[in-house]
Amino acid sequence: MAKEECKALLDALNKATACYHHLVLTIGGSADSQNLREELQKTRRKAQELAVTIRAQLTAPLRDRGLGAEERAEFERLWVAFSGCLDLLEADMRRALALGTEFPLHAPRRPLVRTGMEGGATGVAARALSVRSLRHEAERDFDVEDLHQLEREILQVGEMIQDMEMKVNVPRWTVQARQAAGAELLSSASAGVSSVGGVSIEQRTGPCDLSKALAATIFSAVLLAAVALAVCVAKLS
């Protein structure tokens, strides 16, 4: 039960980390706003809460000397995946800090990337009297305070990573995967194939590869003929 719960929590952490990474990439763009900064704050805090819970649930069984070899191997795989998520989260938090410092919300600036998501004057006027906009006007220092908090949270995540390495010694290069690299992608692709077609991915790749090889051979022959013709013309001239 503990293992399944850890897997579910790790899946949630994966999603939160991926969402945070996506949001960080929009900082400094024309879609940047206080709404985005608030969403960034909530997402990273959710990821940190999940990380604290997962660390506690993984540390106990990995420090249990009576744990079976198979169970230990499974928890070690989860531990390595968890460590990878934390590394990515810390890197994105540092990136968010750098971009947020470079592109403050309430300062004259040019967007880093123009995505075309800027409303016209009518749209801006329509939003001017909204409650959320008024609340944002009263919180003009939100991004400054959030950056200070982000600095502290980056240190906390770094300390968490160091503490994990001190308490549990699981070298990543010693953990073996249960399936070949990319196997989950192939399984997802095969699951999406309609049952009416009844043709597997392997069966379709054969003719495709053969046609590509034939096309490459014909192209090479034409290219060699063109080069030979060019050389003959040059000699005659």
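Miscellaneous remarks
- Taking only protein heavy atoms and a 1.4 Å probe, the accessible area of the range 46-107 is 53% carbon and sulfur.
- Measuring against 21 Å, Cα to Cα, the residue pairs Lys42/Lys167; Lys7/Lys46; Lys3/Lys167; Lys3/Lys42 contain Lys42/Lys167; Lys3/Lys42 as the ones spanning a longer distance.
- Å² per residue, accessible surface of the range 36-114 at 1.4 Å: 53 Å²
- Sparse-neighbourhood loop sites, trypsin sites (Lys or Arg not before Pro) in the range 1-101 - DSSP loop, at most 12 other Cβ within 10 angstrom: Arg63, Arg65
- Förster radius 30 Å - calculated FRET efficiency between Thr53 and His22 (Cβ-Cβ, nearest 0.05): 0.85
The values are calculated or read from the model by the stated rules, or taken from the named source; none is laboratory data. Bear in mind the structure is a predicted one, so any value in this text is a computation, not a measurement. Methodologically, a virtual Cβ is constructed for each residue, glycine included, from the backbone with ideal geometry; neighbour enumeration extends over all protein chains shown. To get the accessible areas, we keep the full protein, side chains included, count just its heavy atoms, and leave off ligands, DNA and RNA. Shrake-Rupley method; radii C 1.70, N 1.55, O 1.52, S 1.80 Å.
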